[in-house]
1. How much accessible area is lost when chains A and B come together, counting both sides, with a 1.4 Å probe, in Å² rounded to the nearest 100?
2. Less than 12 Å Cβ to Cβ from A:ASP559, Lys/Arg counted +1 and Asp/Glu -1: what total charge do the surrounding residues give?
3. How would you classify chain B from its alpha-carbon gyration tensor, with a ≥ b ≥ c the square roots of the eigenvalues: rounded for a/c under 1.5, else prolate if a/b is greater than b/c, otherwise oblate?
4. Suppose R0 equals 25 Å. What FRET efficiency, 1/(1 + (r/R0)^6) with r the Cβ-Cβ distance, do B:ALA78 and B:MET150 give to the nearest 0.05?
5. Under unit Cβ charges (Lys, Arg +1; Asp, Glu -1), what dipole magnitude, rounded to 20 debye, does region A:176-301 have relative to its Cα centre?
6. Using the eigenvalues of the Cα gyration tensor, what equivalent ellipsoid semi-axes result for region B:83-150 when each is taken as the square root of five times the eigenvalue, whole Å, largest first?
7. For the peptides A:192-202, B:88-98, A:230-240, what is the packing order when you average, over each peptide's residues, the other Cβ atoms within 10 Å and list the highest mean first?
8. Just tell me how shielded A:697-710 is by partners: mean number of partner chain Cβ atoms within 10 Å of each residue's Cβ, no decimals.
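The values are calculated or read from the model by the stated rules, or taken from the named source; none is laboratory data. All values derive from a computational prediction rather than experimental measurement. Cβ coordinates were reconstructed from backbone atoms using ideal geometry, including for glycine residues, and neighbour counts include every protein chain displayed. The area values use the complete protein model at the heavy-atom level, side chains included, leaving out ligands, DNA and RNA. Shrake-Rupley method; radii C 1.70, N 1.55, O 1.52, S 1.80 Å.
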Amino acid sequence: MNTIMNMRRRNLRKGVAGRIRLSNMSRRHFLMGAAGTGGFVLGLTLFPIQKNPAAAAGGVFEPSVFLSIAKDGTTTIMCHRSEMGQGIRTGLPIVLADELEADLSRCVIVQAEGDAKYGDQYTDGSHSIVEFYDQMRELGAAGRQMLEQAAAQQWGVAQSECKAQNHKVVHQPTGKSLDFGDLAATAATLEVPAADTLRLKDSKDFRYVGKDTPIVDLKDINQGSATYTIDITMPGMKYASVERCPVTLGKVKSYDASEALKVPGVEAVVEIPPFSLPVVYNALGGIAVVASNTWAAMEGRKKLKITWDYGENAGYESRAYRKSLEESARNKGDVWREEGDVNAAFGSAHRILEAEYYSPLLVHVPMEPPGAVAHVQGDKCLVWSSTQDPQSARDVVAEAIGLDSANVESRMPLLGGAFGRKSKPDFAAEAAVCSKEVGAPVKVTWTREDDVRNGFYHSDCAQHVKAALDANGKVTAWEHRSAFPTINWLWDAAENRPGAWEIDFGLSDLPYDIPNISIEGCEAPVHVRVGWLRSVHNIFHAFAIGSFADEIAYARGRDPVDNLLDLIGPARIIDLSGNPEEYFNYMFGIDKYPIDTGRLIKVVKEAAKMSKWGRSLPSRHGLGIMAHRSFLTYVATVVEVAVADDGTISIPNVYMAVDCGLAVNTDRVRSQMEGATIYGMSAACYGEITAKAGRIQQHNFNDYHVVRMSDCPRDIHVHILQNLDAPPGGVGEPGVPPFAPALYNAVFAATGKRLRSLPLQNHDLSI
Amino acid sequence: MAISLTVNGTSYSVDVPSEMPLLWVIRDIIGLTGTKYGCGIGKCGNCRVHIDGVAKDSCLLPVGDVRGAVTTIEGLSANGDHPLQKAWAKHVVPQCGYCQPGQIMQAAYLLSENPKPTDEDIDASMDDIICRCGTYTRIRSAIKTAAEEMS
């Protein structure tokens, strides 16, 4: 049941598997006579204590470098996470710089390559800040204390009289100071302070954390000089475009490349081997056309004549599949949370409400399509890929071309969007296979059609929800069945039921104060590659929960905000310890990050206040609300919609209240909420991938529509409930789930039409 | 046959088929990578450049049909100090940044035609350029800031 969870855990923990300790890299090098530059280098030393206790006990093991200070004071901070627009190249470095008392304008951020020595680099699940906030602080604090100690040594004074302030250490009694650069050489010789002697800054003294900091790549982006994988060039590089089977699991039967090879610029045709199950992140297989430029490769590809063996999914058809999902959700599934006795509650109910919700397949379509550049030389390979998971890219490449992972150097420049698609680095393997075959560096660029047609799709889902109300209108039971193709299938092709961890994405943690609850996952065979997309299953679970809650409000004649607060009930910690599988909690401890309805109540009240909930609105305008916890963060969204007589909608305002605990870079928290609303709006209004005869029917932005400027809400108001001393929650994803139900609830308020399937464009809202 | 074209004030002679789209000539042959591929069918505007000051999708334009001087994001200003680039920085518009060259080039064309655009003008003009990160509200604000500075 937990294949994926274990897989993701493996990804997350690979090479770390234990505590992280600081080490003074420069001191090691200094003692070894290798310092040379006189700089100060501080790293995290990783002890894989579970894997190799002997090595850990023996001392330093494969150290890695996160921070160095040169003699001129230039401070280099490594970013080991993929930057895909969330702002992590700014977010984690400002945590370190703040604690170090460094001047950010004198810091250089360097992108790390994919290597287990950096610990977890799996940039997914909104967990970069969650996982590394404390470690970056400790690293900064250790560096600061060592610089203070170095100053004390140089001046021959007590360390307690020396205080780091904005890239200098000041001798407080006299006011004299030394720049960090002037202290680097001495600091490089010092012992790292023990963990229990680290003094973290008081949050009131934060220089950058909890404030707005512009992103470090801002100028490069605005000038067009920012580098993405698609922009990487190497001497002698070739360009490839790959034809893959339009049906999932289909394979090349035979092909004729003679016409393709006649296209000017085409130099070679490479067969990418078919994969075997399970799919995992392996290349799909197909025929690559390699040319002297991208366009020639694409043109040559059009001339390929391929006969496919379409395989077992050639009969897959979305309409019939939807019916099977809906049927599945009407029957009892695997129970992943059970409170009280729903059947008894339904038996004695005064009134029973029942509804079904459906949401289709979605595809990510990041603006930079998947792509990679690989250069295989002998038994070594350098690969650049647009990946959220550079260590998996390294492994996938190694496996595809039969190398040891240690001989693959995996780099990731900026990612032109990702949204979960680029966690799956199948495209990196394609580039490596081509490079090995043609003996030159090769860049593989997916076309937009490839991206739409051969994606890892967000699961389609049917849900059946049923509630019991007593004579006083109190909700006494909630039964919720969810049927969708499981992501576990990527690792085990026999899987055909949602895993517990998937139901944990916003369903098993239903935060309502209802005595009888049954949460179930129902069977759904898999016919396409499915995979996580920004917010994962929270999107459809929040859609059904938020919509059904609103239906309950109207059924019992209550204002939707009052209704929501009544459903949530008193402020409390929800205990899921009785669930048959341990609640996943986005892989972080439930004690540190409990499910706290008090925080949910606060965001509901704040969003209602922001929107002036209850105000009078023009005809066919409406407000709708939903609040949802995901990725350890609480977001309430109110959507204000205006529905024109012809059924077109516009959104004058969106109001979002977010409690992510500590918001590290407040400007990026706001931008992620704005972006999540637009991403959620694309899914709610337009997103729908369908298949016929196993083939995806959409192609490009002409028939897979996304939100554009004229659709965009006039204003998105974001209020952060800042808590500088709370542990940080996730930020990239939690803004997405509340949008669709809030919009649909607003549409109901405006028109009286209760819609229960996504996307909105399939419904007629005209009068 | 060699084709001559001017990009950002520099003359180039490129030996490519005349039907090769300008986008790939700029990126793969000339080596200016600020202009991005996003869809290849003129539906996302990430490849937008100026031809004699008029914004065009370079992914659809055969290089043999280019009549006029080409300006890409790299040539919009000498030091990244076009009022739009400054406004983009002030509002911290970009997230991943990939579409922003296309956004900025289209916005520069909009302001050259309409120095005081309304919200509706901005919506109509910028509608072709897709941003999947969802930076649209900040783009609107930045265009207004730049328009003010330029007036």
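1. It comes to approximately 4500 Å² buried between A and B.
2. On the way: positive: A:ARG556, A:ARG558; negative: A:ASP550, A:ASP562, A:ASP566.
Result for the neighbourhood of A:ASP559: -1.
3. Numbers: a/c = 2.00, a/b = 1.75, b/c = 1.15.
Prolate shape, in that a/c is at least 1.5 and a/b is the bigger ratio.
4. Working: r = 16 Å, r/R0 = 0.66.
Between B:ALA78 and B:MET150 the formula returns 0.95.
5. Working: 13 positive and 16 negative charges, 53 e Å.
With only Lys, Arg, Asp and Glu charged at Cβ, the dipole is about 260 debye.
6. 17, 13, 10
7. Values: A:192-202: 13.4, B:88-98: 25.7, A:230-240: 19.5.
Highest-to-lowest ranking by the protection proxy: B:88-98, A:230-240, A:192-202.
8. Working: counts 0, 0, 2, 7, 9, 5, 1, 1, 2, 5, 5, 11, 17, 9.
For peptide A:697-710, the averaged partner shielding equals 5.
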